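Novice: Dropping the structure in here first, questions after.
The values are calculated or read from the model by the stated rules, or taken from the named source; none is laboratory data. Bear in mind that the values here come from a model prediction, so they are computed numbers and not experimental data. Every residue, glycine as well, gets a Cβ built from its backbone with ideal geometry; the counts of neighbours run over all protein chains shown. Surface accessibility is based on the protein's heavy atoms, side chains included, excluding ligands, DNA and RNA. Shrake-Rupley method; radii C 1.70, N 1.55, O 1.52, S 1.80 Å.
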Amino acid sequence: MIIGKKIPDVTFHTRVRDESIDDPNPFRWQDMTTDDYFSNKRVVLFSLPGAFTPTCSTFQLPNFEKLYSEFRQLQIDAIYCLSVNDAFVMNAWSREQKLKNVILIPDGSGEFTRKMGMLVYKDNLGFGMRSWRYAAIINDKIVEKWFEEEGFSDNCNNDPYFVSSPQNILKNLQETKEKDGMH
Ligand code: BEZ
């Protein structure tokens, strides 16, 4: 449980489209820091084992995308999806999913995930090191709520997906709001 802890300061290496580049593939590197994504914002971060994997692509990511406006009504400024995949893979996944709301963060070398204590071996699937599935509400770089799937382990044979679902997190945020409103 890391509630109240500050998230690690790292640099993420993203690729962005830049029309000023005279090239049929006008993209360039853009380094983004933890501060760029997380300072002075209250966000949902969810982190998963891999871009394009079935549960992530069929349920978790598209449902966060669909429920974005409901999160916005609960004082969430942004929704970030992180994976230990490089910027090319994450951009291709964003295009394939036609994302307008959720922002994908490439943690290609796993530095953020390792410093969060969430890096696991997935050599049983030929994946190398990846993120255990979890989500968090992060307020100005401090973890406010933590939703980690059960059974954190290397080379896990199954892929638990329950507490980090958008529906569960929305329910939790709504319950907190109702409780706060009672005082
Ligand atoms: C998934 O369905 O999301 C998944 C499948 C295999 C490995 C990791 C995740």
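Novice: Of all residues in segment 33-70, how many are over 18 Å from L125 (Cβ atoms), in contact with a helix residue (DSSP H, G or I) (Cβ under 7 Å, 6 or more places away or on another chain) and aromatic (F, W, Y)?
Specialist: Of the residues in segment 33-70, 2 are over 18 Å from L125 (Cβ atoms), in contact with a helix residue (DSSP H, G or I) (Cβ under 7 Å, 6 or more places away or on another chain) and aromatic (F, W, Y).
Novice: State all residues of segment 96-152 that are hydrophobic (A, V, I, L, M, F, W, C), touching a Lys or Arg at 6+ places or on another chain (Cβ under 7 Å) and in contact (Cβ under 8 Å) with a residue 60 or more places away in the chain; if no residue qualifies, say none.
Specialist: The answer is A136, I137, I142, V143.
Novice: Quick one: in segment 24-44, of everything that is in a helix (DSSP H, G or I) and of a type in the set (D, E, K, R), which residue is nearest to A78 (Cα to Cα)?
Specialist: From segment 24-44, those in a helix (DSSP H, G or I) are 34-38; that's our starting set.
Filter once more, so that each one left must be of a type in the set (D, E, K, R): 35-36.
Details: D35: 14, D36: 12 Å.
Among residues in segment 24-44 that are in a helix (DSSP H, G or I) and of a type in the set (D, E, K, R), the one nearest to A78 (Cα to Cα) is D36.
Novice: Taking segment 134-165 as the region of interest, how many residues are open to solvent by 30 Å² or more (accessible area, probe 1.4 Å) and among the small types (G, A, S)?
Specialist: 2
Novice: Name every residue in segment 45-102 that is assigned to a helix (DSSP H, G or I), within 16 Å of the ligand (Cβ to nearest atom) and of a type outside the set (A, V, I, L, M, F, W, C), in order of residue number.
Specialist: So the first thing to find is which residues in segment 45-102 are assigned to a helix (DSSP H, G or I), and the list is 54-66, 68-72, 87-97.
This time we only want the ones that are within 16 Å of the ligand (Cβ to nearest atom), so: 54-65, 89-90, 93, 96-97.
Listed by number, the residues that qualify are P54, T55, S57, T58, Q60, P62, N63, E65, E96, Q97.
Novice: Follow-up. When you look at T11, is it within 16 Å of the ligand (Cβ to nearest atom) and over 23 Å from L173 (Cβ atoms), yes or no? Outline the logic, then answer.
Specialist: On the way: within 16 Å of the ligand (Cβ to nearest atom): no; over 23 Å from L173 (Cβ atoms): yes.
Criteria not met by T11.
Novice: Only one residue in T53, T11, T58 is more than 19 Å from P166 (Cα to Cα) and among the hydroxyl-bearing types (S, T, Y). Which one? Spell out how you get there, then give the answer.
Specialist: Values: T53 fails: more than 19 Å from P166 (Cα to Cα); T58 fails: more than 19 Å from P166 (Cα to Cα).
Going through T53, T11, T58 in turn, just one is more than 19 Å from P166 (Cα to Cα) and among the hydroxyl-bearing types (S, T, Y): T11.
Novice: Does at least one position in segment 116-133 carry a residue that is away from the ligand (no atom under 13 Å from the Cβ), open to solvent by less than 20 Å² (accessible area, probe 1.4 Å) and not in a loop (DSSP other than H, G, I, E, B)?
Specialist: Scanning segment 116-133, I find no residue that is away from the ligand (no atom under 13 Å from the Cβ), open to solvent by less than 20 Å² (accessible area, probe 1.4 Å) and not in a loop (DSSP other than H, G, I, E, B), so the answer is no.
Novice: Sticking with this structure for a sec: From F59, F147, F127, which residue is modelled with pLDDT under 95, out of contact with any Leu (no Cβ under 6 Å at 6 or more places or on another chain) and over 21 Å from T11 (Cβ atoms)?
Specialist: Details: F147 fails: modelled with pLDDT under 95; F127 fails: modelled with pLDDT under 95.
Result of the check over F59, F147, F127: F59.
Novice: Can you tell me which residue is modelled with the highest pLDDT among those in segment 164-183 that are more than 17 Å from E65 (Cα to Cα) and not in a helix (DSSP H, G or I)?
Specialist: M182
Novice: Filter segment 51-66 down to residues that are hydrophobic (A, V, I, L, M, F, W, C) and open to solvent by less than 30 Å² (accessible area, probe 1.4 Å) and give me whichever is farthest from Q174 (Cα to Cα).
Specialist: Taking segment 51-66 as the starting set, the residues that turn out to be hydrophobic (A, V, I, L, M, F, W, C) are 51-52, 56, 59, 61, 64.
Keeping just the survivors that are open to solvent by less than 30 Å² (accessible area, probe 1.4 Å) gives 51, 56, 61, 64.
Values: A51: 29, C56: 24, L61: 20, F64: 15 Å.
My answer is A51.
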